[in-house]
Amino acid sequence: MENLLPIAEGLLFLVGDEGISEQQLSMALDISEKEAHDYLDQLQVKYQEDTFGMEIVCYGGVWRFVSKALVHPFAQKLFQNSKSSQLSQSALETLAIVAYKQPITRVEIEEIRGVGCDMMLRKLQARNLIAEVGRSEAPGRPILYGVTEEFMDSFKLFSLDELPELPDFNEQQSENLFD
């Protein structure tokens, strides 16, 4: 049988922040879950070497690539010193959701925005505008996000009570939007 390790690595990369379970990998490669676990375990060991800026983690049965801690200060500088110091519309939307609804999980943000927000969360964390503030008690114990002092300073706020009031938006108004 051919060496499926590079294919497992490629699939792990392709799934990105969503990650992959041993069951998903076993189905994709047509192998047992134990073999899938062994491949993922081998990759995890490989990426522990100091020659890589990424590592493989497994939380809640889902395996994914993450950057190593040594990369974080440089990522922060990269995002702070990017050509455009202004936030994109999607970053502002994500930031506003976190500010108004904190503490909030990635999934809750995605439900509100209707699109994935992994990259936005990473960019906002790298700019130190949001941070992990704990873990939810929901299954899988997802990360909870909240705004930082840097956010408060950037928007010249003394407290979150200074955020503008959100307009009341009821179901009847939303139906009228689509008429």
Using θ = phi - 60° and Karplus 6.51 cos²θ - 1.76 cosθ + 1.60, couplings along region 151-163 (whole Hz; Gly, Pro as x): 4, 4, 5, 4, 9, 6, 10, 8, 8, 5, 5, 7, 4
Label point distance in nm, V71-E49, each placed 7 Å from Cα along Cα→Cβ: 1.7
Chain lengthening between V57 and K34 when straightened (0.36 nm per residue, less Cα-Cα): 6.6 nm
Reported label for calculated Cα Rg over 2.2 N^0.38 Å given [x] 1.25; [y] 0.93; [z] 1.30: [x]
Degrees, to the nearest 10: 89-101 long Cα axis against longest axis of the chain: 80
Per-residue HN-Hα couplings for region 9-23 [Karplus 6.51, -1.76, 1.60; θ = phi - 60°; Hz; x = Gly/Pro]: 4, x, 5, 4, 5, 5, 6, x, 5, 5, x, 9, 8, 4, 5
Mean Cβ count within 10 Å, highest first, over the residues of peptides 15-22, 56-63: 15-22, 56-63
Size of electric dipole in the chain: Cβ of Lys, Arg +1 and of Asp, Glu -1, about Cα centre, debye, nearest 20: 740
Dipole of the chain, positive end: most advanced residue of S21, I31, T94 [Cβ charges, Cα centre]: T94
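Values quoted throughout were computed directly from the atomic coordinates according to the rules given, and no laboratory measurement underlies them. Keep in mind that this is a model prediction, so the values were computed, not measured. Glycine gets a Cβ as well: all are built from the backbone with ideal geometry, and neighbour counts include every protein chain shown.
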